[in-house]
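Notes follow the structure.
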Amino acid sequence: MQTLTASPELTASPSAYASNTAIGVSFIVPVYNEEDNVRPLVEELTTVGKKLNRPYELILVDDGSKDTTVKRLQALLPEFPELRVVCLKRNFGQTPATAAGFAQARGKYIVTLDGDLQNDPSEVPKLIDMMDTEEVDIIQGWRQARKDNAVMRKLPSAIANWLIAQVTGVHVHDNGCSLKVYRAEIAKDVPLYGEMHRFIPALASIDGAIIKEVPVQHRERNAGTSKYGIGRTFKVLLDLMTVLLMKRFFTRPIHLFGRAGMMLIGLATLIGLYLAYQKFLLGFSIGNRPLFVLDGLLFLTGVQLVSTGLIAEIQVRTYYESQQKPIYKIKAVLSVDNPTGKAC
C-alpha cells in the first residue's frame, strides 16, 4: 500500500468547506480499487453537473483502496475544482463510505452513485427536476435491462428486494441500485451502520419520507472488477432483521419481546397445569419426563424475553431522552395564517 502525503482537500473537516455560495447538488461516490474508472467518472459527473444550472460538488470517498485510485484522484484536483476526495483510513465498506460522504455534503440535494460507471450520470438532471417539482424526499433508481450476471447478481437481488418489500412495507423493486437522489436533511438524518446503505429508503420511511422509484439505464462495467457477490445476500437477510426491529418496534421493544415471552410463559403454565393434574390426581411420576424439562425451559425463556423487553424499553428511553430526541416528526403546522403549511 502506497504512502501518501494528504493534501488539505483530503483531510479537512466539513467546516473547512464553508462557502458563501449555496451548493445545489452534492454527488457522493464511494470508490474502492477503481483506478481506471475515476477519471472518466469525474469527467462524466462534471459534464452532468454543468447541465444542472446550479452550484454542485463532487465528493469521492476512497474506501481504503490498495491500488492507485487515490493518487489518480489527487492528480485530478487541480483540473476539477468542484472535486473533493475523502480518504478513509482502511476499507470500512460501502455504508460507512456513504455515511462519510453524507457528513461532508453541503448540497440541498444529495446524489449517490457507484464508482464503476454502471450507473449512468446522464439520468441525474431528470431526477433533480423531479425533486424540484414534486413532493418527494427520495428518488430511487430502478435499473432497466440490468447488465449483470443472472445467477450471481440478478436472482439474489430479486429475492432480497422481494423480502425487503414484504418486511418493511416499502415496495421498491431495486434497493441495490446506488443511483438515488435525497433531500439532504433526509439523508443526513438516517443512522447508517453495518451495511445499511441499501435500506436507506426503508429507514427513512420510518420518519415518513416520501419515496419515488424511477426507471434508469444500467451499463456494462468496462474496467475493474465487481465488489459484489452472492455472499451479500446473507448480509442483507441479517440487516433486514435490524430494519424490521427499527421500523416496527424501535420505540416499543417490550411489544416484541414481551409478547413472545408472555406466549411462552402461557404455554409453560398450561403444560404445568397438565403435569400437576397427572401428578396429584392420577399419581403419575413426572420428574423424569421430557415434558417436565420442556415446561421449565419454556418458562425460563419466557421470563428472559420479558426481561429483555424491559431492558430494551429503558435503553430506548435513554436514547431519546438523553439526546432530547422526539419520537415523532412534524410534517407541517397549520394555522389561520398558514393554512397549507408551506412555510414549515
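The values are calculated or read from the model by the stated rules, or taken from the named source; none is laboratory data. The structure displayed is predicted, hence computed values, not measured ones. Using ideal geometry, Cβ is built from the backbone for each residue, glycine included, and neighbour counts are taken over all protein chains shown.
With the checklist (1) touching a helix residue (DSSP H, G or I) at 6+ places or on another chain (Cβ under 8 Å); (2) buried (at least 22 other Cβ atoms within 10 Å of the Cβ); (3) of a type in the set (Asp, Glu) in hand, flag the one item ASP116 doesn't pass.
Of (1) touching a helix residue (DSSP H, G or I) at 6+ places or on another chain (Cβ under 8 Å); (2) buried (at least 22 other Cβ atoms within 10 Å of the Cβ); (3) of a type in the set (Asp, Glu), only one is false for ASP116: (1).
Are there any helices (runs of 4 or more DSSP H) wholly within segment 76-171 with 3 or more residues that are modelled with pLDDT of 80 or more, and if so which?
Per the criteria, 94-104, 124-133.
Looking at (1) modelled with pLDDT under 90; (2) surrounded by fewer than 16 Cβ atoms within 10 Å (Cβ to Cβ), can you tell me which one PRO40 breaks?
(1)
Among the residues of segment 228-279 satisfying the criterion of being within 30 Å of GLU195 (Cβ to Cβ), of a type in the set (S, T, N, Q) and assigned to a helix (DSSP H, G or I), which is modelled with the lowest pLDDT?
THR233
Out of the residues in segment 31-72 that are without any contact (Cβ under 8 Å) to a residue 40 or more places away in the chain and touching a helix residue (DSSP H, G or I) at 6+ places or on another chain (Cβ under 8 Å), which is nearest to LEU117 (Cα to Cα)?
Applying the filter and picking the extreme gives ARG39.
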